[in-house]
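Peer 1: This is the structure I have questions about; it appears just below.
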Amino acid sequence: MLRDLTAPDNLSSQPVQAPASGVAERAPVINDFSITAATKNGSGSQTANLALLRAFFKMGIPVSGKNQFPSNIQGRPTWYTIRLSKDGYIGRRETTEIMIALNNDTVLDDHSNVAPGGVFMYADDLKLPVSRTDISYYKIPVKEMAKASEADPKLRSYIANMVYVGAIAQLIGLEQKEIEAALLFHFKGKQKPVDSNMKVVRAAAEWAAKNLVKDDPFKVERMTGKNDGLLMIDGNTASALGAIYGGVSFVAWYPITPATSVADGLNDYLPRLRTDPETKKPTYAVVQSEDELAALGMVLGAGWAGARSMTSTSGPGISLMAEFTGLGYFAEIPAVIVDVQRMGPATGLPTRVSQGDILKAYWLGHGDTKHPVLLPSSPYECFEFGWRALDLAERLQTPVFVLTDLDIGMNQWMSKPFDYPEDQMDRGKVLSGEEVTALKGGWGRYKDTDGDGIGYRTLPGTDHPQAAYFTRGSGHNERAALSERSEDWENNMERLTRKFETARRLVPPPVVDMQQDAEVGIIACGSTDFAIQEARTLLSKQGIKTSYLRLRALPMNDDVTMFLAAHKRNYVIELNSDAQLCQLVRLHAPQSADKVHKCNHNDGLPLTAHWITGEIGYLESKK
Amino acid sequence: MTTTSNGGAKTASPIVGSQPMKGVNKPANVNIVGLSKIDYKGGESTLCNGCGHDSISAQIITACYELGVKPESLIKFSGIGCSSKSPAYFMSRSFGFNSLHGRMPSVAQGALVANHTLQGIGVSGDGDTGSIGLGQFIHLVRRNLRMVYIIENNGVYGLTKGQFSATSDIGQELKHAGKNELPPIDLCREAIVADCGFVARSFAGDPKQVVPLIKAALAHRGTAVLDIISPCVTFNNRDDSTKSYAWGKEHDERINDFGFVMSQEEIQIEQVPGQTKEVEMHDGSRIILKAVDKSHDPTDMQAALHLLTESHKKQQFITGLLYINEDRPNLAEVHQLTDKPLSHLQQDKLRPSRESLQKIMSTMF
């Protein structure tokens, strides 16, 4: 984090002039800079930070917010960075122009991390024995003002955060009515906490107007054209809503960062959306299981019985689910596993992002196993893949993974509105008792009648003497009878591979942007998309024209093969140490493997356009 | 063939006694749902000759036949091990799920929450429940899923050829494993401590006790745990093993004689004041206990724990109904499940309206 923050960022479309030497000589910087609040976790600063983020959003300014928080409950350093980008880039930037310092433990680093020409706003009780000549300083009496607010002493430290909201709003021109709207949303329409917070905001703004002399160029202005019609939402809530509109009826889960808020979203919205109007009873069940093994066991039991069934977890949970995933694959049971990736191996960095589960999820389980993996890149796709995954799982009768990550999942994003699922729910191949009769004894649970590798299943409780079958993880023949015959084994495994080819046709295809005459191809998936979009613009300014293929699922299809062939050099951009996606791309098209280059980074933070541009620029210079 | 819906599969009818006993002219050799015993048979057993597990399978068949459980409305579950193979050897018309080692409880919970109209019978072993699956077992009991959980307890790992299990006796010797230095886990005691509402112990070679216990367990509203000592004729049948036939015959300490009366039957058991105890099940059927040597009150949790502790010291095994409590709500009740099972709900019930999505998004700032 610290190294990153001090790294020069030459990419800002609005270079900051330094040193600060008076308002008159400096061109204003409008809607194009970053603000970081350095606080301690558990201090309630999240309310303040989200209020700022949403207020900017409401002024029509494209924004993104990134919470860099510790794996801890209270007292450890936390940074929240808001990027304002009039051009609409919402990936992470390294640079912070405005630092709001409230944490004595990090104040020296926070101070040195301000970009030249930037702003250092700090609480007056911080110890700051050094100073710089190239930045502006604003010292704020945070404690005094919190005390003056006459707020309940228990809430005083929370409300203190509103002091910096009011002061920064006054300095850069953020409208108070939008802060109030943001707080009203935050407190779910309850006026009382809004009023007590706004009281502090107003007092701080008044104090700043009287006591601070602005000598920095940073300003916000209301704008139109970029945010119109967009929502602001986190990916985990989007995943939960997608599953609900996909008709999820059984959920088992175990708490784990950063996936817990998927279950929170389900528990929040299911009662509102899925209470049967006639019986007033829920059309779903959510079980908090004893561990992740049991979570997936329950999900498979429910999926087998005919419910639309899912779980959500992160890396360590995926490790525990390996056994049941293999059973689900071999016994052919629908299930959806949402993996909100965090940094591993082991406990790793539970509150930092990574794309390190790609290989693990794709091949989870012992023996020969392989699973469809959906790769959403935004909350919009978290919603869409939330319902599509349930359709695919029942159609393919197999566990389907949805790989998101901490950055998409836990941060707030501007998003296109979600599209209501137009397709009818696909419940897959299910036989009724009458249909079993009609088959006159010809039915076999694992028989490939249609040539797509997918058999027909019956559901427990089907009222027919020949409807039952015995589900097992041991070797079985077409009629689900135990078999140790080599021929049966091979037939079954060949059919499962055939089924995987069906999956290849059914999963969402990649999004491809082919640029004429581009020698460079970029391949990526998931949350790196935001930084890649920006990096492509910057690369193009440097004379490097790129095409872009964004994978939305595994297994890959021929689009990837053709894309690789069409470019001289293909860079696989990803957030992990072992270049996992790159390995899969090379395996998918070994004939093009020498044209596939890794371009991976894994420091726990979301990728930046700056890093991508530098890396590809460097690799291109060596070609 | 339908490929786009779950349609067709009907909600199962109630499992026990769906038709009244009296006044029905049924043919001979069929039960109240019109099935003969052969309709309850399973595949041919591949277990060793004389295995206690096969006796238990036979007693499950008898209990389900006599109760009139419809095979299609019952699911068989198991984990991994010799015991867990046995669901393939009874009731082939029932769906079965042979899951993972020690993980049967989670699979059963998912399936029976998805379709709470079905009855579940789980068959596990002492390794499957007492070692690798102890955690899931306790949590199943804690959640009180309505199912019968049978432990076919032989105190040894059979399928891997004779290692000690968590229920092996302390000091016991086995051919390859040597001497067991650790005390056994008493799975009945574990179940009672986890607040299980139905805990019984029996002996595979005693159909007169096992059959009514299974019947009563099927009528219980929550998780019913039956720890059935089931001698392993191949790896653990030495006379000094508490899980051998010889030991069972000599050391079986009965606490009650047991009668199970379906709700539709007229109660005709002989009532002996001071010596019988009647327990009414949630579905109206009754358990009638006749004390044999002492008046154990199976509704008294402390008494049940005391009895088990004392029998441990004496290396006896107490058989019969140890503990019963019909008061706890089961998992389906906790989740307030709809009459129509979740597994059979279709798009009209599962996908909220277009308008509702618009409404949510309008509040998304």
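Peer 1: For the subset of segment B:53-73 comprising residues that are in contact with a strand residue (DSSP E or B) (Cβ under 7 Å, 6 or more places away or on another chain) and either facing another protein chain (nearest Cβ under 9 Å) or closer than 22 Å to B:ASN236 by Cα (or both), which member is surrounded by the fewest Cβ atoms within 10 Å (Cβ to Cβ)?
Peer 2: Result: B:SER73.
Every residue, every condition in (1) outside the structural domain of A:MET310 (by TED's automatic domain parsing); (2) in contact with a strand residue (DSSP E or B) (Cβ under 9 Å, 6 or more places away or on another chain); (3) at pLDDT 95 or above; (4) among the hydrophobic types (A, V, I, L, M, F, W, C), yes or no:
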residue: A:GLU175; (1), (2), (3), (4): yes, no, yes, no
residue: A:ILE179; (1), (2), (3), (4): yes, no, yes, yes
residue: A:GLU206; (1), (2), (3), (4): yes, no, yes, no
residue: A:ALA238; (1), (2), (3), (4): no, yes, yes, yes
residue: A:SER249; (1), (2), (3), (4): no, yes, yes, no
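Peer 1: Applying the selection to segment B:322-352, what residues are under 30 Å from B:GLU190 (Cα atoms) and polar (S, T, N, Q)?
Peer 2: Passing the criteria: B:ASN325, B:ASN330, B:GLN336.
Peer 1: If I filter segment A:233-245 for residues that are within 30 Å of A:LEU171 (Cβ to Cβ) and not in a helix (DSSP H, G or I), do I get at least one hit?
Peer 2: yes
Peer 1: Next up: Just to be sure, is A:ALA518 in a helix (DSSP H, G or I), of a type in the set (A, V, I, L, M) and assigned by TED's automatic domain parsing to the domain that holds A:GLY617?
Peer 2: So A:ALA518 does not fit the description; no.
Peer 1: Go through B:LEU307, B:LEU357 for me and flag whichever is surrounded by 20 or more Cβ atoms within 10 Å (Cβ to Cβ), within 9 Å of chain A (Cβ to nearest Cβ) and either outside any loop (DSSP other than H, G, I, E, B) or out of contact with any helix residue (DSSP H, G or I) (no Cβ under 7 Å at 6 or more places or on another chain) (or both).
Peer 2: Within the list B:LEU307, B:LEU357, the selection yields B:LEU357.
Peer 1: Restrict the check to segment B:109-131 and report whether at least one residue is over 25 Å from A:GLY433 (Cα atoms), surrounded by fewer than 24 Cβ atoms within 10 Å (Cβ to Cβ) and over 15 Å from the mean Cα position of the chain (by Cα).
Peer 2: For segment B:109-131, residues over 25 Å from A:GLY433 (Cα atoms), surrounded by fewer than 24 Cβ atoms within 10 Å (Cβ to Cβ) and over 15 Å from the mean Cα position of the chain (by Cα): present.
The rows are residues; the columns are (1) modelled with pLDDT under 95; (2) crowded, with 21+ Cβ neighbours inside 10 Å; (3) at the interface with chain B (Cβ under 7 Å from one of its Cβ atoms); (4) at positive phi.
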| residue | (1), (2), (3), (4) |
| --- | --- |
| A:ASP423 | yes, no, no, no |
| A:SER432 | no, yes, yes, no |
| A:ARG457 | no, yes, no, no |
| A:THR462 | no, yes, yes, no |
| A:ALA468 | no, yes, yes, no |
| A:THR471 | no, yes, yes, no |
| A:ARG479 | no, no, no, no |
| A:SER486 | no, no, no, no |
| A:TRP489 | no, no, no, no |
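Peer 1: Tally time: how many residues in segment A:434-455 are part of a loop (DSSP other than H, G, I, E, B) and within 7 Å of another protein chain (Cβ to nearest Cβ)?
Peer 2: Number satisfying all stated conditions: 0.
Peer 1: Tell me which of these A:LEU128 doesn't satisfy, since it passes every other one: (1) modelled with pLDDT under 95; (2) part of a helix (DSSP H, G or I).
Peer 2: (2)
Peer 1: Report the residue count in segment A:569-610 for those that are touching a His at 6+ places or on another chain (Cβ under 8 Å) and surrounded by fewer than 22 Cβ atoms within 10 Å (Cβ to Cβ).
Peer 2: Counting residues in segment A:569-610 that are touching a His at 6+ places or on another chain (Cβ under 8 Å) and surrounded by fewer than 22 Cβ atoms within 10 Å (Cβ to Cβ) gives 2.
Peer 1: While we're here: Being surrounded by 12 or more Cβ atoms within 10 Å (Cβ to Cβ) and either under 13 Å from A:TYR164 (Cβ atoms) or in contact with a Leu (Cβ under 9 Å, 6 or more places away or on another chain) (or both) is the filter here, so list the residues in segment A:125-136 that pass it.
Peer 2: A:LEU126, A:LEU128
Peer 1: Could you tell me which of the residues B:ASP206, B:ASP195 is surrounded by fewer than 24 Cβ atoms within 10 Å (Cβ to Cβ), among the acidic types (Asp, Glu) and modelled with pLDDT under 95?
Peer 2: B:ASP206 is the lone residue from the list that is surrounded by fewer than 24 Cβ atoms within 10 Å (Cβ to Cβ), among the acidic types (Asp, Glu) and modelled with pLDDT under 95.
Peer 1: Hey, A:GLY189 hits all of (1) assigned to a helix (DSSP H, G or I); (2) within 14 Å of chain B (Cβ to nearest Cβ); (3) not aliphatic (A, V, I, L, M) but one; which does it fall short on?
Peer 2: (1)
Peer 1: Please go through (1) within 14 Å of chain A (Cβ to nearest Cβ); (2) touching a Gly at 6+ places or on another chain (Cβ under 8 Å) for B:ILE324 and return the number of the only condition it doesn't satisfy.
Peer 2: (1)
Peer 1: Which count do you get for residues in segment B:84-107 that are more than 7 Å from chain A (Cβ to nearest Cβ), of a type in the set (Gly, Ala, Ser) and within 27 Å of B:GLY259 (Cβ to Cβ)?
Peer 2: Counting residues in segment B:84-107 that are more than 7 Å from chain A (Cβ to nearest Cβ), of a type in the set (Gly, Ala, Ser) and within 27 Å of B:GLY259 (Cβ to Cβ) gives 1.
Peer 1: Let me ask another. Within segment A:495-512, is there a residue that is in a strand (DSSP E or B) and more than 10 Å from chain B (Cβ to nearest Cβ)?
Peer 2: Yes, some residue in segment A:495-512 is in a strand (DSSP E or B) and more than 10 Å from chain B (Cβ to nearest Cβ).
Peer 1: A follow-up question, please. Looking at the structure I just gave you, is A:MET343 under 24 Å from A:GLY247 (Cα atoms), surrounded by 24 or more Cβ atoms within 10 Å (Cβ to Cβ) and in contact with a helix residue (DSSP H, G or I) (Cβ under 9 Å, 6 or more places away or on another chain)?
Peer 2: No, not satisfied.
Peer 1: What number of residues within segment B:327-352 are facing another protein chain (nearest Cβ under 9 Å) and not in a helix (DSSP H, G or I)?
Peer 2: 11
Peer 1: Shifting gears a bit: Looking at B:PHE365, B:PHE317, which is the one that is within 8 Å of chain A (Cβ to nearest Cβ), among the aromatic types (Phe, Trp, Tyr) and either in contact with a Ser or Thr (Cβ under 7 Å, 6 or more places away or on another chain) or surrounded by 15 or more Cβ atoms within 10 Å (Cβ to Cβ) (or both)?
Peer 2: B:PHE365
Peer 1: Closer than 18 Å to B:ARG189 by Cβ and modelled with pLDDT under 95: which single residue out of B:GLY125, B:GLY155 fits that description?
Peer 2: Residue meeting the stated conditions: B:GLY155.
Peer 1: May I pose another question? Does segment A:244-257 include one or more residues that are under 24 Å from the mean Cα position of the chain (by Cα), free of Cβ contacts under 8 Å to residues at least 60 places away in the same chain, closer than 30 Å to A:ALA302 by Cβ and more than 11 Å from chain B (Cβ to nearest Cβ)?
Peer 2: Taking every residue of segment A:244-257 in turn, at least one turns out to be under 24 Å from the mean Cα position of the chain (by Cα), free of Cβ contacts under 8 Å to residues at least 60 places away in the same chain, closer than 30 Å to A:ALA302 by Cβ and more than 11 Å from chain B (Cβ to nearest Cβ).
Peer 1: Just for segment A:272-313: of the residues that are more than 17 Å from B:ALA114 (Cα to Cα), within 11 Å of chain B (Cβ to nearest Cβ) and under 25 Å from the mean Cα position of the chain (by Cα), which one is surrounded by the most Cβ atoms within 10 Å (Cβ to Cβ)?
Peer 2: If we take residues in segment A:272-313 being more than 17 Å from B:ALA114 (Cα to Cα), within 11 Å of chain B (Cβ to nearest Cβ) and under 25 Å from the mean Cα position of the chain (by Cα), then A:GLU292 is surrounded by the most Cβ atoms within 10 Å (Cβ to Cβ).
Peer 1: While we're here: Given the residues A:GLY442, A:GLY428, which is the only one that is over 40 Å from the mean Cα position of the chain (by Cα), outside the structural domain of A:TYR245 (by TED's automatic domain parsing) and within 28 Å of A:GLU494 (Cα to Cα)?
Peer 2: Only one candidate passes the filter, namely A:GLY442.
Peer 1: Among the numbered criteria (1) over 23 Å from A:ARG395 (Cβ atoms); (2) crowded, with 24+ Cβ neighbours inside 10 Å; (3) under 18 Å from the mean Cα position of the chain (by Cα), which one does A:PRO316 miss?
Peer 2: (2)
Peer 1: Would you say A:LEU320 is touching an Asp or Glu at 6+ places or on another chain (Cβ under 8 Å), hydrophobic (A, V, I, L, M, F, W, C) and facing chain B (nearest Cβ under 7 Å)?
Peer 2: So A:LEU320 does not fit the description; no.
Peer 1: Going by the conditions given, is A:LEU241 under 21 Å from the mean Cα position of the chain (by Cα) and more than 10 Å from chain B (Cβ to nearest Cβ)?
Peer 2: Spelling it out, it is not the case that A:LEU241 is under 21 Å from the mean Cα position of the chain (by Cα) and more than 10 Å from chain B (Cβ to nearest Cβ).
The values are calculated or read from the model by the stated rules, or taken from the named source; none is laboratory data. Nothing here was measured: the structure is a model prediction, and the numbers come from that model. All Cβ positions, even for glycine, are placed from backbone atoms using ideal geometry, and neighbour counts span all protein chains on display.
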